[in-house]
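The values are calculated or read from the model by the stated rules, or taken from the named source; none is laboratory data. Everything numeric in this text was worked out from a predicted model, so none of it was measured. Heads up, the Cβs are rebuilt from the backbone with ideal geometry, glycines too, and the neighbour counts pull from every protein chain shown. Heavy atoms of the whole protein, side chains included, go into the accessibility calculation; ligands, DNA and RNA do not. Shrake-Rupley method; radii C 1.70, N 1.55, O 1.52, S 1.80 Å.
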Amino acid sequence: MKLGVNSSIIREISGKGFSLDDLHVDFVELGFDDAGLLTEKGEINEEVIKNLSSLGVEFTLHAPTSDGKNPLVDLGVYGMEPVKRMEKVIRIANHLGVEVIVVHGGDIRKSYTKAYVNTLKHLRELKPIAENSGVKLVIENLFEGKIGALPHELLSFANEGFELCFDIGHAFLTSMNSGLRMDEFSVLFPYTSHLHIHDNNGYEDEHRPLGEGMIGFSYAGRVVELTKAERAVLEIRRYRKKSSILSNVSFLKGKPDENFFRMNKAEGGSEA
């Protein structure tokens, strides 16, 4: 399994966090809000593409979301605009040699049914476009208010031939908010080729390192083992200590450091 991190904690990309030399990961998952992939006019930022290409690291790409900055993509709305914006995302992927794009389902506004049908319709349109460009779209599980929170929704996308991105933190939020057991997400594992790994306290999508929330290392380790995913992204937005992230990286590489054992002991071996 290849291990990566999100671009918001990579200093060469976002201006904060860690140097690539500090983490020794296999790839970086680029976020549009971190990397400046588009100009203010919405054009592909050729200078940024050139700088990223010079870093000498493999990339995956997280498609823009409905709550991002530039651009917004909400597959839950009617019309061609979401597809047009995603076509530009696919072109950026080609510029960077990206093979995988992580995609969110649409927001549920007035009608769940319309949001689901629009999401499915857009994904069906985008699938051949991505495949003809040599890019794979993987669909991520989400949480309350968005298409893709529940396992049966993701299974319907898998039945359309899509692979899945299983997000551990999102699954835990859905479980805590709905009462759905975490083991009910295991039906997604045969279709999961991509993982998002992060922790939270069950009430907010905090994106903390494992050990700084309620999920812990044990469940994450089981998911890695059971899914046999091709790639895993340590997707962190906030953290108490830099050492926590380094320990997460060492754990996911199968070489836990001394700080990992202290963190694991502090969480009492808890698991989701």
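Computed values, structure above
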{"item": "Estimated distance in nm for a label pair at Arg240 and Lys50, the labels positioned 7 Å out from Cα along Cα-to-Cβ", "result": "4.5"}
{"item": "Residue-wise HN-Hα coupling along the range 74-81, computed from phi with Karplus coefficients 6.51, -1.76, 1.60 (Hz; x: Gly, Pro)", "result": "10, 6, x, 9, 7, x, 8, 4"}
{"item": "Principal axis box of the range 1-75, alpha-carbon based, largest edge first, Å", "result": "33, 26, 21"}
{"item": "Under-5 Å amide H pairs with Leu234, H placed in peptide plane, nonlocal only", "result": "Gly4, Val5, Asn6, Ile197"}
{"item": "Neighbour cut-off at most 15 other Cβ (10 Å), DSSP loop, GluC sites (Glu not before Pro), the range 10-50", "result": "Glu40, Glu43"}
{"item": "Computed [θ] at 222 nm, helices only, for the chain once each DSSP H run of length n ≥ 4 contributes -39500 (n - 2.57)", "result": "-11500 deg cm²/dmol"}
{"item": "Stokes-Einstein diffusion coefficient of the range 105-193, Kirkwood radius over Cα pairs, 25 °C, 0.890 mPa s, in µm²/s", "result": "184"}
{"item": "Trypsin sites (Lys or Arg not before Pro), loop per DSSP, at most 15 other Cβ atoms within 10 Å - longest free stretch of the chain", "result": "111-180"}
{"item": "Rounded percent of accessible protein surface that carbon and sulfur make up, the range 80-145, 1.4 Å probe", "result": "51"}
{"item": "Ser178 accessible area, 1.4 Å probe, all protein chains in place, Å² to nearest 10", "result": "70"}
{"item": "Per-selection Kirkwood Rh - the range 67-118 (Cα, Å, 1 d.p.)", "result": "12.0"}
{"item": "Intensity falloff of the range 18-168 expressed as log10 I(q)/I(0), Debye formula with alpha-carbon point scatterers, at q = 0.09, 0.15 Å⁻¹", "result": "-0.28, -0.77"}
{"item": "Debye intensity ratio I(q)/I(0), log10, the range 174-226, q values 0.13, 0.25, 0.27, 0.32 Å⁻¹ (C-alpha model)", "result": "-0.32, -1.17, -1.27, -1.32"}
{"item": "Label-point gap, in nm, between Arg124 and Arg222 - each point 7 angstrom along Cα→Cβ", "result": "3.7"}
{"item": "Value of relative contact order over the range 66-126, rounded to a whole percent, pairs C-alpha under 8 Å and six or more apart", "result": "44"}
{"item": "Alpha-carbon centroid distance for the pair the range 168-192 / the range 211-250, whole angstrom", "result": "16"}
{"item": "Span per principal axis, largest first, for the Cα atoms of the range 120-170 (Å)", "result": "32, 20, 17"}
{"item": "The chain, Rg to Rh (Cα coordinates; Rh as Kirkwood inverse mean 1/r)", "result": "0.95"}
